[in-house]
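Undergrad: Right, I'll just put the structure down here and ask away after.
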Amino acid sequence: MNGVDARASFGGGARMRALVACVVAAGALAGCGSDPLATYDLTAPRSGLSARPVRASLVVSAPEAVAPLDSDRIMVRAGAEGVTLLKGAQWSDRLPALVHSRLIQTFENGRSIRSVSRPGDRVAADFNLVSEIRRFEIDAQSRSAVVEISAKIVREQGGRVVAGRVFEASAPADVIEGPSAVAALDEAMGRALRDIAAWAAAPR
């Protein structure tokens, strides 16, 4: 399922409105004369998830990410110009924290794992899912949203890696601004999270 191209529709205005968590004026920045940033959220997929439960418990660790992905800004890769920021927009939290929450919600929505928890929940688990966000950006040249996440399944007893895979997905981003760009990133992330959830739920 590597390199899956998420060429699906964004579901119209209702989906777009659901993606926009809120639009806030950043008081300190506004006081300095800067434009306020619109704040966006991401959504966990609810459909297309495996309904085949496995008798295993899973701890989902927060994804790792390097700067500038480890921030609340939305990345745009502009070819020779390198990486820039999507103008006038930000995530509602640091990107790794958002992806962490939506990944856990994806497992819960699919109900394919006996129990899913965070490391701080102090729940005994069979496996630990560790991951790294490698790409989560708008590619201005291809006009697409690109998501790449590396994931490993680690057996809690003994700490042995039992499986590893890199998940990639993309979605068209014809308009590189605010809601349209976020909708494309949300679509690409949703496909990647579906694939991760199905893969992690496979018997070990």
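The values are calculated or read from the model by the stated rules, or taken from the named source; none is laboratory data. Since this is a predicted model, take the numbers as computed values, not measurements. Please note: Cβ atoms are built from the backbone with ideal geometry, for glycine as well, and neighbour counts cover all protein chains shown.
Undergrad: Assess whether VAL99 counts as being on the phi < 0 side of the Ramachandran plot, touching a Phe, Trp or Tyr at 6+ places or on another chain (Cβ under 8 Å), at pLDDT 50 or above and part of a helix (DSSP H, G or I).
TA: yes
Undergrad: Residue check, VAL99 against (1) of a type outside the set (S, T, N, Q); (2) under 30 Å from PRO53 (Cβ atoms); (3) in contact with a Pro (Cβ under 8 Å, 6 or more places away or on another chain); (4) surrounded by fewer than 21 Cβ atoms within 10 Å (Cβ to Cβ), all met but one. Which one?
TA: (4)
Undergrad: Kindly check whether there is at least one residue in the stretch 108-127 that is part of a loop (DSSP other than H, G, I, E, B), closer than 21 Å to ALA184 by Cβ and out of contact with any Ser or Thr (no Cβ under 7 Å at 6 or more places or on another chain).
TA: no
Undergrad: Now for a different question. Residues in the stretch 68-86: is at least one within 22 Å of VAL123 (Cβ to Cβ), surrounded by 15 or more Cβ atoms within 10 Å (Cβ to Cβ) and among the hydroxyl-bearing types (Ser, Thr, Tyr)?
TA: no
Undergrad: Going by what's in this entry, would SER144 be described as crowded, with 19+ Cβ neighbours inside 10 Å and either among the polar types (S, T, N, Q) or farther than 13 Å from LEU58 by Cα (or both)?
TA: yes
Undergrad: Picking from ARG134, ARG165, which residue would you name as being at pLDDT 95 or above and within 16 Å of ALA197 (Cβ to Cβ)?
TA: ARG165
Undergrad: Please enumerate the residues belonging to the stretch 52-67 that are under 25 Å from ALA173 (Cα atoms) and buried (at least 16 other Cβ atoms within 10 Å of the Cβ).
TA: Those that are under 25 Å from ALA173 (Cα atoms) and buried (at least 16 other Cβ atoms within 10 Å of the Cβ): PRO63, ALA65.
Undergrad: Given PHE136, PHE107, PHE127, which one is out of contact with any Cys (no Cβ under 6 Å at 6 or more places or on another chain), under 14 Å from VAL76 (Cα atoms) and of a type in the set (Phe, Trp, Tyr)?
TA: Criteria check complete, one pass: PHE136.
Results for (1) crowded, with 19+ Cβ neighbours inside 10 Å; (2) outside any strand (DSSP E or B); (3) in contact with a helix residue (DSSP H, G or I) (Cβ under 9 Å, 6 or more places away or on another chain); (4) not charged (D, E, K, R), shown as yes or no for each residue.
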site	(1), (2), (3), (4)
ARG135	no, no, no, no
ILE138	yes, no, yes, yes
GLY164	no, no, no, yes
VAL175	no, yes, yes, yes
ALA184	yes, yes, no, yes
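For (1) acidic (Asp, Glu); (2) within 16 Å of the chain's Cα centre (by Cα); (3) at pLDDT 95 or above, each residue gets a yes or a no:
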{"position": "ASP5", "(1), (2), (3)": "yes, yes, no"}
{"position": "TYR40", "(1), (2), (3)": "no, yes, yes"}
{"position": "ASP72", "(1), (2), (3)": "yes, yes, yes"}
{"position": "ALA80", "(1), (2), (3)": "no, no, no"}
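Undergrad: Confirm whether GLN157 is out of contact with any Phe, Trp or Tyr (no Cβ under 6 Å at 6 or more places or on another chain), more than 23 Å from VAL59 (Cα to Cα) and not in a strand (DSSP E or B).
TA: Criteria not met by GLN157.
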